[in-house]
Each structure stands twice: as C-alpha cells, then as structure tokens.
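First comes the structure, then the notes that go with it.
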Amino acid sequence: MKGSESLQARHRRVLLRALLVVGSMFCFGFALVPIYDVFCKVTGLNGKTQDRFVGVIDVPEGVERSVRVQFITQTNAGMPWEFRPVLREVSVAVGQPTDVEFYAANPTTINMVAQAVPSVSPSEGAAFLQKTECFCFQHQPLKAGEETHMKLRFFVDANLPDHIHTLTLSYTLFDITDRDPKTKS
C-alpha cells in the first residue's frame, strides 16, 4: 500500500508539472501577438507602421527630394466590400503633408464594420512614412449598400534613406462586425 501511495504522489507531481508547462506555453502563446506587434512597431520589421504622428514636421533647409508612394488595397478572405485607392500612386516632396482618399463600398444587405491594417514596404521605410490622419485609426462602419471615401493624410520624413525612392503603402480590410462593441446588442 505504501508503495502505491508513493507512486500516486509521483504521478500527481508529474501531472502538476505537465499542467504547469502547458499553462505556461498557453500564456506565452497568447502574449506573442502583442509582443510581436510592439516589436514590429519599434523596429519597423514586417512593414508595420507607426500610430498617428503627433509633432512638428521638420524638414532641414535645402532638402528637396520627391518620393513615389504607391497604394495597394485588398480585403481579407470573406470580406465582401469593394475597397480601392482613388489614386494608385502619388509623388510627394519629403516633409510635405499629402492627402489621398480610398473608396469603400458595402454591397451586402447587412450593416458591417471594417478595420484597415496598414503595411509599408520596403520595411526599412515604414518608420519614415508618417500618418497624421488615417481611416485605419478607427473602425469603419458602413450600412448595407452604403459607400464612402476615407481620408489619409501623411508625409514622408526627410530622413528617409537616400536609396529608397518608392514606398508602397498596403492596406488589408478586415470584417470586424462581430467584434465591434457598437454592433453588439
């Protein structure tokens, strides 16, 4: 009997350790997404862009440089909206605020809410494309059959490395209707 209690105690310890390992792995996996997002924002890795730029646009005297900015849009799988830039590309002077628009339409018979997620390539240039106003900062609700033009105001930082002549700003539009608190009853 005493030997079986010892065996049970060992099994219990092994089980508790296994549960602790599984629980730790779950917590680590859950934390990876926010950690990765912070890492990408700080380093510009994977084309993650910064949040809204707040500050003074500083262009050193004598800097006269233009950069081509291209716009690409796509919708996530299952997102039925039409989504495109009004202009596919613009040429901008560094430090010069520029406004562009994106068109979105909800062709469905239901009210929906979308969220745009930006990415910049080359990823080295992500930290130099600064958005001061962007539809990607808020959820975008559209009623059934509704369409809209969404504004983006940005500038390219004068410190953009000289070897980068073109930046591509890509947006993916996601359906977040089920996750938007305003659509919950």
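Taking into account only those residues within segment 91-123 that are touching a Ser or Thr at 6+ places or on another chain (Cβ under 6 Å) and more than 20 Å from Gln138 (Cβ to Cβ), which is surrounded by the fewest Cβ atoms within 10 Å (Cβ to Cβ)? Working first, answer last.
The first filter runs over segment 91-123 and keeps only residues touching a Ser or Thr at 6+ places or on another chain (Cβ under 6 Å), leaving 91-93, 104, 112-113, 117-121.
Checking which are more than 20 Å from Gln138 (Cβ to Cβ) leaves us with 91-93, 121.
Values: Ser91: 10, Val92: 20, Ala93: 16, Ser121: 16.
Filtering first and then ranking leaves Ser91.
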Inset, instruction - Might you check whether a residue that is in contact with a Pro (Cβ under 9 Å, 6 or more places away or on another chain), of a type in the set (S, T, N, Q) and not in a helix (DSSP H, G or I) occurs anywhere in segment 129-138? - result: yes
Inset, instruction - Scan segment 140-149 and give yes if some residue there is modelled with pLDDT under 95, in contact with a Phe, Trp or Tyr (Cβ under 8 Å, 6 or more places away or on another chain), hydroxyl-bearing (Ser, Thr, Tyr) and in a strand (DSSP E or B), otherwise no. - result: no
Inset, instruction - List the number of the failed condition for Ser170; all other conditions in (1) surrounded by 14 or more Cβ atoms within 10 Å (Cβ to Cβ); (2) farther than 19 Å from Met79 by Cα hold. - result: (2)
Inset, instruction - Could you tell me which numbered condition Gln70 fails, if it satisfies all but one of (1) more than 17 Å from Cys134 (Cβ to Cβ); (2) polar (S, T, N, Q); (3) surrounded by fewer than 17 Cβ atoms within 10 Å (Cβ to Cβ)? - result: (1)
Inset, instruction - Inspect segment 127-141 for any residue being within 16 Å of Val94 (Cα to Cα) and of a type in the set (Gly, Ala, Ser) and give the result as yes or no. - result: yes
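So, in segment 141-154, how many residues would count as being more than 15 Å from Ser119 (Cα to Cα) and surrounded by 18 or more Cβ atoms within 10 Å (Cβ to Cβ)? Lay out the reasoning, then the answer.
Going through segment 141-154, the residues more than 15 Å from Ser119 (Cα to Cα) turn out to be 141-151, 153.
Then keep just the ones that are surrounded by 18 or more Cβ atoms within 10 Å (Cβ to Cβ); that gives 142, 150.
Qualifying residue count for the region: 2.
Among Ala126, Ala116, which is in the same structural domain as Arg68 (by TED's automatic domain parsing), out of contact with any Lys or Arg (no Cβ under 7 Å at 6 or more places or on another chain) and within 22 Å of Arg68 (Cβ to Cβ)? Give the derivation first.
Numbers: Ala126 fails: out of contact with any Lys or Arg (no Cβ under 7 Å at 6 or more places or on another chain).
Matching residue, one of Ala126, Ala116: Ala116.
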Inset, instruction - Search segment 160-176 for residues that are over 25 Å from Asn111 (Cα atoms) and pair each with any residue that is of a type in the set (S, T, N, Q) and outside any strand (DSSP E or B) when their beta-carbon atoms are under 9 Å apart and the residues are at least 6 apart or on different chains. - result: Leu169/Thr49
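The values are calculated or read from the model by the stated rules, or taken from the named source; none is laboratory data. As the structure is a prediction and not an experimental result, all values here were calculated from the model. Glycine gets a Cβ as well: all are built from the backbone with ideal geometry, and neighbour counts include every protein chain shown.
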